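A.B. asks: Can you keep this structure in mind? I'll have questions shortly.
The values are calculated or read from the model by the stated rules, or taken from the named source; none is laboratory data. This is a predicted model, so every value here is computed, not measured. Positions of Cβ are generated from backbone atoms using ideal geometry, with glycine treated the same way; all protein chains shown enter the neighbour counts.
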Amino acid sequence: MSISAENREVDQHSGVGSAGKFLVPVIPSVDTGSGLVIFVVHREAHHRWCSDPRLLVLLLAKSVAPVLWDDNSANLRISVAAPGHRHGKVVKIPLFMNQQEDTPELG
């Protein structure tokens, strides 16, 4: 089976989230300078931000399965190669709708 925007079929790497939403395979593009993450879901580009974009790039480099977007929890689910985990260990990376700005502490 495959992902289809029309009938929303689920392929072998996808699943159904806790509220019945689908986990969708995505290929994220990451700007390590700003933390901007862009990916496409059902022909629509999504712009999100990651608080640690360098870690995200490292995890993507070690992924052993398609990266999944969980719209329910706003997380990327990345299966990373790890000893004792045949299909990879799932790491969830939260993505934010707005850029998170670091504010310097005063005092």
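A.B. asks: Before we move on, is residue 79 part of a loop (DSSP other than H, G, I, E, B) and in contact (Cβ under 8 Å) with a residue 12 or more places away in the chain?
C.D. replies: Numbers: part of a loop (DSSP other than H, G, I, E, B): no; in contact (Cβ under 8 Å) with a residue 12 or more places away in the chain: yes.
No, not satisfied.
A.B. asks: In addition: Is at least one residue of segment 17-35 at pLDDT 95 or above, over 23 Å from residue 81 (Cα atoms), out of contact with any Lys or Arg (no Cβ under 8 Å at 6 or more places or on another chain) and surrounded by 17 or more Cβ atoms within 10 Å (Cβ to Cβ)?
C.D. replies: Within segment 17-35, one or more residues are at pLDDT 95 or above, over 23 Å from residue 81 (Cα atoms), out of contact with any Lys or Arg (no Cβ under 8 Å at 6 or more places or on another chain) and surrounded by 17 or more Cβ atoms within 10 Å (Cβ to Cβ).
A.B. asks: Evaluate segment 95-107: report whether one residue or more is at pLDDT below 95 and surrounded by 14 or more Cβ atoms within 10 Å (Cβ to Cβ).
C.D. replies: Within segment 95-107, not a single residue is at pLDDT below 95 and surrounded by 14 or more Cβ atoms within 10 Å (Cβ to Cβ).
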